[in-house]
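Beneath this line is the structure, given in structure tokens, with notes to follow.
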Amino acid sequence: MVKPHCIECSSGSYVLRSTSAGFLRHGVCVRSLLNHLKFYFLCLRLLVLPKNRQLVFGLSVNDKERRFLSAFAPDAIAIRANYFRGGFGFREHSARRKLTFIQRLLPSGTKTVVWGYRDHINLGFSFEEYFGEVTRIEAGLVPGPACERFLTSYIFSSKGMYFDGRQPSQLEEALNALTKGDIDRRLENEKTIDTLVKRGVTKFSPLDSEAYLLEEGSVLIIGQVRGDQALTYTDTVCATNTHLVEQVLSKTEWPETKRFYYKAHPKNKTNEREIADLQYRFPELQIVPEKQNIIELLEQQPIVATITSGVGLEAALRGCVVHCYGVSFYSNWGFTVDHVSCSRRTNTLRPIDVAVELMIRQSVYVDPETGHAVPLGTIYR
């Protein structure tokens, strides 16, 4: 009799192995088995769904992100399937077979939700192939209720992603269609954005830091997280933070009297290596401590240079001149200096117009206790 045992994989999960040569060749991953069992359980749930209830179906939406589903469609039944991914999830050929089967079970009118571009990244294809219109969600730019403990702020889009400058998006279409009459009716929303600016609200909790004074008329270069989707899924002239610094310092448009500062993203894991390289190659570059409060820097109104960072919009809302070295969601609307053009964007807007559309009209903020959506204006009064 062959006695099976478990060994630990490099990924940290456990694989069932046997002492027989056949089982050694065909080790079965426990997590993969569990994913198959979850799939069969999902199918059973779909078979017994009430026929008169709407369904919101979250694909590649994990437990931390699930609050969006009930807030997005409060009267619908919310079901998640977070195992359609690479690694120990289903591979492409297996995922395609299972998605085809799920597609047949879903009731008509089902709203399908996926986090960002996880389908493209993990499986190499788009869920739109199977479900038609898919709502894509991402973490919001404004912290929601109880943000220290829960993810409660989400941006949603039924066409592309707001940061994807390669193709039209729901945000881009809404901003192109915005008229002066629409803007006049948004005065209450503009007051909410003004409140956020005055209170120094930013995507990541502001850090307590000592005052850091920038020389007047200086250029502040904003770094981003390496591999960020806002860098990967858009058109840019700079692929990395180092390349951005090269581009900025090589420009002759800056007066010689200006100083250049670099502020790294506090969550970028390659900061230490990148900063050491920048200090060696560009000794004239001043390095701002990575934990420095970004709002305090922007309130000094430096010239800001970035690839696609959302800090650029925060800077523009505070009256800074912003240079964009990539197609960001806020670039090419007439208030930024654009080093990459986007001919699809034909409207001329203000920074607050973009902020209202994205942070209020195309975002959802969830009360973690009730699970219901709450207006941004009630969170920040």
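Between amide H atoms placed 1.01 Å from N, distances below 5 Å from Y262 occur with I221, Q286, I287, V288, all of them 5 or more places distant or on a separate chain.
Exposure proxy shown here: for I121, I307, the number of other Cβ atoms within 10 Å sets the order, fewest to most, as I121, I307.
So how much slack lies between E246 and D194, counting 0.36 nm per residue of separation and subtracting their Cα-Cα distance, in nm?
Answer, rounded to one decimal: 15.3 nm.
Restricting the range 120-191 to trypsin sites (Lys or Arg not before Pro) that sit in a DSSP loop and have at most 10 other Cβ atoms within 10 Å of their own Cβ leaves R149, R185. Exposure proxy for T348, T232, T270: other Cβ atoms within 10 Å of each Cβ, ordered fewest to most, give T348, T232, T270.
Between F125 and E92, the simple spin-label model (points 7 angstrom out along Cα→Cβ) gives 0.9 nm. Restricting attention to the range 29-162, close to 25% of DSSP beta bridges with both partner residues there are antiparallel.
Residue-wise HN-Hα couplings along the range 170-177, as the Karplus relation 6.51 cos²θ - 1.76 cosθ + 1.60 with θ = phi - 60° gives them from phi, are 4, 5, 4, 5, 5, 6, 5, 8 Hz; Gly and Pro carry x.
For the pair the range 144-170 and the range 255-322, the centres of their Cα atoms are 24 angstrom apart. Restricting the trypsin sites (Lys or Arg not before Pro) of the range 48-83 to loop positions (DSSP other than H, G, I, E, B) with no more than 15 neighbouring Cβ atoms within 10 Å leaves K51, R53.
Taken one residue at a time, the phi angles of the range 145-158 give Karplus couplings (6.51, -1.76, 1.60, θ = phi - 60°) of x, 6, 5, 5, 10, 9, 7, 10, 10, 9, 9, 10, 8, 9 Hz. Gly and Pro are set to x. Remark: the range 372-379, residue by residue, has Karplus-estimated 3J(HN,Hα) of 9, 6, 10, x, 4, x, 7, 7 Hz, where x stands for each Gly or Pro and the curve is 6.51 cos²θ - 1.76 cosθ + 1.60 at θ = phi - 60°. If a spin label sat at a point 7 angstrom from the Cα of F101 along the line to its beta carbon, the backbone N atoms of the range 28-59 nearer than 14 Å would be those of 33-47.
Net length available on complete extension from E272 to N347 is 23.0 nm, with 0.36 nm assigned per residue and the Cα-Cα distance removed.
Loop only by DSSP, 15 or fewer other Cβ within 10 Å of the Cβ. Give me the chymotrypsin sites (Phe, Trp or Tyr not before Pro) in the range 177-257 that pass, ordered by residue number. Taking the range 177-257 and a limit of 15 other Cβ atoms within 10 Å, the loop chymotrypsin sites (Phe, Trp or Tyr not before Pro) found are F204, Y212. Would you mind finding the longest exposed-site-free stretch of the chain, with exposed GluC sites (Glu not before Pro) meaning DSSP loop and at most 16 other Cβ atoms within 10 Å? Within the chain, the longest run free of exposed GluC sites (Glu not before Pro) spans 1-132.
Taken over the chain, the convex hull of the Cα atoms encloses 182 Å³ per residue. Pairs from the list K159/K291; K198/K291; K98/K203; K111/K191; K159/K203 with a Cα-Cα gap above 29 Å: K159/K291; K98/K203; K111/K191. With neighbours defined as other Cβ atoms within 10 Å of a residue's Cβ, the residues H120, H93 order from fewest to most as H93, H120. Under 15 Å from a label point set 7 Å out along the Cα-to-Cβ vector of K203, the amide N atoms of the range 288-321 belong to 294-295, 306-317.
Computed from the coordinates by the stated procedures, all read-outs in this text should not be read as laboratory data. Quick caveat, the model's predicted, so the values are computed rather than measured. Quick reminder, even Gly has a Cβ in these numbers, built from the backbone with ideal geometry, and neighbours come from all protein chains shown.
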